[in-house]
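The next block holds one structure in the form of structure tokens; read it before the comments.
The values are calculated or read from the model by the stated rules, or taken from the named source; none is laboratory data. The shown structure was predicted, so the numbers you read here are calculated from the model rather than taken from an experiment. Cβ: placed from backbone, ideal geometry, glycine included. Neighbour counts: every protein chain shown. Surface accessibility is based on the protein's heavy atoms, side chains included, excluding ligands, DNA and RNA. Shrake-Rupley method; radii C 1.70, N 1.55, O 1.52, S 1.80 Å.
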Amino acid sequence: LAKWNNDGTISFIGRRDNQVKINGYRIELNEINSIIMSFPHINKTHTITVKSGTTYQIVSYFSADKIITINDLKAYLQSKLVFYMIPTYLIQIEEFPLTVNGKINTKALPKPQFSKQNKYTAPRNALEQTIHTILSSLLQIDKISIDDNFFDIGCDSLIAIKFQIEALKRKLDISYNDIFTYPTIRLLSEKKSNKIIYNIDKDYNYENINKLIEKNKSDNLSNISNFKNNRLLLFGSTGFLGAHILDEYLSYNSNNKVYCIIRRKSLISPEERLKKILKFYFDDKYDNLFENRIFVIEGDITQENLGMSNHNLSELLGNIDLVINSAAIVKHYGDSNLFNLVNVNGTQNIVNICKTFRKKLYHISTLSVSGMGIATNEEERIIFDESSFYVGQDLNNIYLFTKFKAEKIVLEEINNGLNATILRIGNLTNRFSDGKFQINISENAFINKIKSILNLGVIQNSFLKHSTEFTPVDYCAKAIINIINTNNNFSILHLFNVNIIKFTDLIDYINQLGYKLQAVSNETFSQQVNIFLNDNKLKNKISGIVTDLNKNKLLNYSYKNLINADITNKFLNTIGFLWPILDFEYFKKFFNYLKSNGFLNI
């Protein structure tokens, strides 16, 4: 809401949609109110945020026709809402205080009594005292019990990065992952986890899956034919890749139509959500196509039949030729229940629909399912190609673990009659055409690494013998649309730009653009990192790489499993698709876009 003043200036009043942001999560308070109102006997509710220390807590007030047991109400909310939307305090009142205008008087509501869930236990040794000192400073809380969960008292992924910076300064043997795995001072000091370790079920018999994916060989190249389709059912159209898949599909053929399943979010309709996304990426290109070529259907992949009636679902699937699932939670940390709900259960629901209505499914996955481990020597490294699935890789990360489980569902169902192909996607980067990047630039880990290295001004000499991958999102979408317009027998394909960039060339391009990046010895690199870590004005400038620094303050991106896409690349070449060669002009657009958006101010 804003007010236009008589002098021509505009005064900002506040948000109209009652949306807030807490610990990095966008929360619509009215959604919380709606769920509370669905609990028996409650007749009115109001939710606000109250500052506690450096963070905000959600407080929900309610009135009812009987005394409500708070634990019962909280358990009910936990079954309906994701963890970050659960109110910290639930307060029952007899009646709501009102203003003279009949609105709820929030200032007259009783204040919650802030208290910790755990009895206070002081640090027991020097290490616990150091961890306490760091957390106390970051969260501005004087006394933190060694049994207080970091994320219950205000810690989030950004605070975790700042914690990692302070731990590195003090030479503590604590990694970024440790903060999530051992989320109390006691557990972190003892490295004892009360968290689930996301290990693969090694007792599972992978024989049938391995037999299936072994067929992803050159022999399939002789069995390719055209697949005529012009009606696509797309999940995840509001995502970075999903929006570009929609764009490329509509551009491929003027008769093509896209049916988009989108969940209602806050007070914005699914159609308005998609329109805003397409407006950002493609200006007014699609403003007039929502009547005859883009069809938005409200639905939720976490619900059976997408939350639709059997009749409506049958009518929808009768109108489409194939399905692309690009919907997923792609953050690397968060509530495991939510990740499983969307990435695993959501995939199962889509698979069930495709099997029932006999529709071809293209499931978007990630090349990161190859694992997280760092190679200590060349002998440890193995090839991870289109015929690889479980090779003993480290997937102790909720995002990677749930994407692996989703792939397992698809592969199992292919053996049970599902017609599907998994598309493992590489490192998506700025568009090749104009350098435009995703809406939430600051949430992209790869771009944050680049920014931090540019801020540091140096890179280790060892990087000069390596290369890195940039897969422009528009070309990735082109590859996908080329693939879905064929009949093929591949169960897995790897999509990334095989024209990788040598670090020597990348550094040269960066310096040509006016940035200063120098290759230095490990010792000099470590010294520069220490300079930044010990300067309060500089330490946050390298937050994008602190999670990757080892105890010697050095970077190592040499992963155990080498990604291979030879079969996919032969297939793409056969159907007339070639990945672009990225030269100085691409990186000029790449960095200029980041600079024009204020993300790079070096």
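Which value in nm describes the separation of the simple spin-label points at K103 and R26, placed 7 Å from the Cα toward the beta carbon? Going from the K103 label point to the R26 one covers 2.4 nm. As a length-normalised measure over Cα pairs under 8 Å and 6 or more apart, the relative contact order of the chain settles at 13 percent.
Under 37 °C and 0.692 mPa s, how fast does segment 154-253 diffuse according to Stokes-Einstein, given a Kirkwood radius computed over C-alpha pairs? Answer in µm²/s, whole number.
Values: Rh = 19.5 Å.
Reported coefficient: 169 µm²/s.
Counting every C-alpha pair in segment 224-286, the share spaced more than 16 angstrom apart comes to 47%.
Solvent-accessible area per residue in segment 143-258 equals 48 Å², computed with a 1.4 angstrom probe and all protein chains kept.
Normalised by the number of residues in segment 153-305, the average gap of Cα pairs under 8 Å and 6 or more apart makes the relative contact order 15 percent. Averaging the Cα positions of each part gives two centres, and for segment 233-300 and segment 80-106 these lie 36 Å apart. Per-residue ellipticity at 222 nm, computed for the chain from helices alone with -39500 (n - 2.57) per DSSP H run of at least four residues, works out to -10000 deg cm²/dmol.
The value for the chain of Rg(Cα) / (2.2 N^0.38 Å) is 1.03.
Taking a probe of 1.4 Å, how large is the accessible area per residue of segment 382-441, in Å²? Kindly include the intermediate steps, with their values, before the conclusion.
Numbers: 1820 Å² over 60 residues.
Here the residues of segment 382-441 average 30 Å² of exposed surface.
In this structure K541 has an accessible area near 90 Å², from a 1.4 Å probe over the protein heavy atoms. Measuring max minus min along each principal axis, the C-alpha atoms of segment 256-317 give extents of 36, 28, 14 Å (largest first). Computed from the Cβ-Cβ distance with R0 of 56 Å, the FRET efficiency linking D583 to H41 stands at 0.25. Rounded to a whole number, what % of the accessible area of the chain do carbon and sulfur atoms account for, probe 1.4 Å? Result for the chain: 46 percent of the exposed heavy-atom area is carbon or sulfur.
Can you check how the C-alpha radius of gyration of segment 66-195 compares to 2.2 N^0.38 Å, as a plain ratio? Each step should come with its number before you reach the end.
Details: Rg = 18.7 Å, N = 130, 2.2 N^0.38 = 14.0 Å.
In units of the 2.2 N^0.38 Å rule of thumb, it is 1.34.
So for segment 488-534, Kirkwood radius off the Cα pairs, Stokes-Einstein at 37 °C and 0.692 mPa s: how many µm² s⁻¹? So the translational diffusion coefficient is about 230 µm²/s. How many angstrom lie between the C-alpha centres of segment 132-191 and segment 389-431? If we compute the Cα centre of each part, the gap is 32 Å.
Computing FRET efficiency as 1/(1 + (r/R0)^6) for K74 and S137, where r is the C-beta to C-beta distance and R0 is 45 Å, gives about 0.90. Considering segment 406-473 at the alpha-carbon level, its Rg and Dmax are found to be 17.9, 54 Å. With contacts taken as Cα pairs under 8 Å at a separation of at least 6 residues, segment 233-288 carries a relative contact order of 32 percent. Computed over protein heavy atoms with a 1.4 Å probe, the accessible surface of segment 280-355 works out to 46 Å² per residue.
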